[in-house]
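Peer 1: I'd like to ask some things about the structure below.
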Amino acid sequence: MNKRREFLINTSLALGALAIAPSFAFEAKRKNIGIQLWTLRDTLPKDVKGVLAQVGKAGFTEVETFGYAPKTGFFGTSVKDFKLMLDDNGLKASSNHFDFNSMIKDGSTDLVSDYITTANTLGSTYITVPYIVADLRGTTADAYKKLAEHVNKIGGICKGGGLKLAYHNHDFEFTKFGATNGYEILLNNTDKDLVDFEMDLYWVVRSGNNPLELFKKYPGRFSMWHVKDMDKANPDFNAEIGTGAIDFKAIFAQSKQAGMKRFFLEHESNYKPNPIESAATSFNYIKKNLI
């Protein structure tokens, strides 16, 4: 009888604690730490299986892919085999960087169905536009409005396939056009029901802009982030998270306002001592200090 009473009391206390802290479920979700596999671009194409094992061993649970080709899959590894390798290492490809330049150039959307099939085979949530080459993105406000039309069109197709489209930025989107810039044109002219944004925090800061101001102006639009630090001595270089110039604690404190659902560590240059070790160092800092 006493044990039953203790059980009921303890259960009530636990439920009360959850009521006081309703954000518990959100915080639990945030413990997934992803990596954009471009971080390991020098080794991944040579040893897909081995590098994915390193990623899992480092503690990552999500990846964002790059390098997919319709005929050869991921660096000669079929989509199904790639999925098995991810599963074997406790990894999920929740987002994929696919090349959309040819579609924007000729207006064709033929490749989108293949991308959708690939993403669904991997169990992904997002298809992401990673980079638009200079001659396609243009140099005028009207060019960015036209780009937004293309992105909306692709987003509609992705939605029909059960996926969400996201747009990943660099610094060129912040080119000024009077009182606005290319990034704001894309935000203002894309349908939020069709298009999310994957904010690359490094490139926002590198361009002279403030992620926190964008979170306030466009709340809920930035469902994914690239977490990439900036070297204090040379802003062209990256640094392990927590050792560079970007205040990630302030940024992560506003993750709810941003709409962030997942994030991917990315490190592109100036590795210390090497890509996987730099990624592991950044992973440990994120785990201990940011989530």
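Peer 1: Using packing as a proxy for protection, rank 160-167, 130-137, 189-196 so that the peptide with the highest average count of other Cβ atoms within 10 Å comes first.
Peer 2: Put in order of decreasing packing, that is 160-167, 189-196, 130-137.
Peer 1: Could you work out how far helix 275-289 tilts from the main Cα principal axis of the chain, as a 0 to 90 degree angle to the nearest 10?
Peer 2: It works out to around 50 degrees.
Peer 1: For a 19 Å ceiling on Cα separation, which of these pairs sit above it: Lys92/Lys249; Lys105/Lys146; Lys105/Lys164?
Peer 2: Lys92/Lys249; Lys105/Lys164
Peer 1: If each DSSP helix of 4+ residues adds -39,500 (n - 2.57) and the sum is divided by the residues in the chain, what number results at 222 nm, nearest 500 deg cm²/dmol? It would help to have the intermediate numbers written out before the result.
Peer 2: Values: 14 runs with 134 residues, N = 291.
Taken over the chain, the calculation gives -13500 deg cm²/dmol.
Peer 1: OK, next. Roughly speaking, to the nearest percent, how much of the range 57-180's 1.4 Å accessible area is carbon and sulfur?
Peer 2: The computed percentage sits at 53.
Peer 1: Which percent of the accessible area of the range 197-242 is formed by carbon and sulfur heavy atoms (probe 1.4 angstrom)?
Peer 2: So the carbon and sulfur contribution to the accessible surface is 49 percent.
Peer 1: Would you mind classifying the range 159-282 by shape? Square roots of the alpha carbon gyration tensor eigenvalues, ordered a ≥ b ≥ c; an a/c under 1.5 is rounded, otherwise it is prolate if a/b is larger than b/c and oblate if not.
Peer 2: Prolate is the answer for the range 159-282, as a/c is 1.5 or above and a/b outweighs b/c.
Peer 1: Sticking with this one: Taking Cα pairs under 8 Å and at least six residues apart, what relative contact order does the range 136-202 come out at, in percent? Walk me through the intermediate numbers first.
Peer 2: On the way: 72 pairs, mean separation 27.3, N = 67.
Relative contact order for the range 136-202 comes out at 41 percent.
Peer 1: So, for the chain, what is the accessible surface per residue at a probe of 1.4 Å, expressed in square angstrom?
Peer 2: 48
Peer 1: In debye, nearest 20, what is the charge dipole magnitude of the chain about its Cα centre with +1 on Lys and Arg Cβ and -1 on Asp and Glu Cβ, if you could check?
Peer 2: On the way: 36 positive and 33 negative charges, 242 e Å.
The calculation lands at about 1160 debye.
Peer 1: Just to confirm the number: angle between the C-alpha axis of helix 79-88 and the first principal axis of the chain, 0 to 90 degrees, nearest 10?
Peer 2: With rounding to tens, the tilt is 30 degrees.
Peer 1: Using a cut-off of 9 Å between beta-carbons, work out the net charge of the residues near Gly259 (Lys and Arg +1, Asp and Glu -1, Gly259 not included).
Peer 2: +2
Peer 1: Here is a follow-up. Which of the peptides 222-232, 43-53 is most tightly packed, and how do the rest follow, going by the mean number of other Cβ atoms within 10 Å of each residue? Show your work: numbers first, answer last.
Peer 2: Numbers: 222-232: 22.3, 43-53: 16.3.
Taking the mean over residues of other Cβ atoms within 10 Å, the ranking is 222-232, 43-53.
Peer 1: Here's a follow-up. Would you please give the FRET efficiency between Leu136 and Asn32, computed as 1/(1 + (r/R0)^6) with r the Cβ-Cβ distance and R0 = 25 Å, to the nearest 0.05?
Peer 2: Calculated transfer efficiency: 0.15.
Peer 1: Same structure, new question: What does the charge dipole of the range 150-291 about its Cα centre add up to, to the nearest 20 debye, if the Cβ of each Lys and Arg holds +1 and the Cβ of each Asp and Glu holds -1?
Peer 2: So the dipole magnitude of the range 150-291 works out to roughly 540 debye.
Peer 1: Roughly what % of DSSP beta bridges within the chain run antiparallel, to the nearest 5? Write down the numbers at each step before the final one.
Peer 2: Details: 7 of 34 bridges.
So the antiparallel bridges amount to about 20 percent of the total.
Peer 1: Using the Cα centre of the chain as origin and beta-carbon charges of +1 (Lys, Arg) and -1 (Asp, Glu), tell me which of Gly259, Ala141, Thr180 is placed farthest towards the positive end of the dipole.
Peer 2: Gly259
Peer 1: Quick one: helix 141-160 against the long Cα principal axis of the chain, what's the angle to the nearest 10°, folded into 0 to 90?
Peer 2: The angle comes out near 50 degrees.
The values are calculated or read from the model by the stated rules, or taken from the named source; none is laboratory data. Remember, it's a predicted structure, so these values are computed and weren't measured experimentally. So basically every Cβ, Gly included, is an ideal-geometry build from the backbone, and we count neighbours across all protein chains shown. For the accessible areas, the whole protein counts, side chains as well, though only heavy atoms, and no ligand, DNA or RNA atoms are used. Shrake-Rupley method; radii C 1.70, N 1.55, O 1.52, S 1.80 Å.
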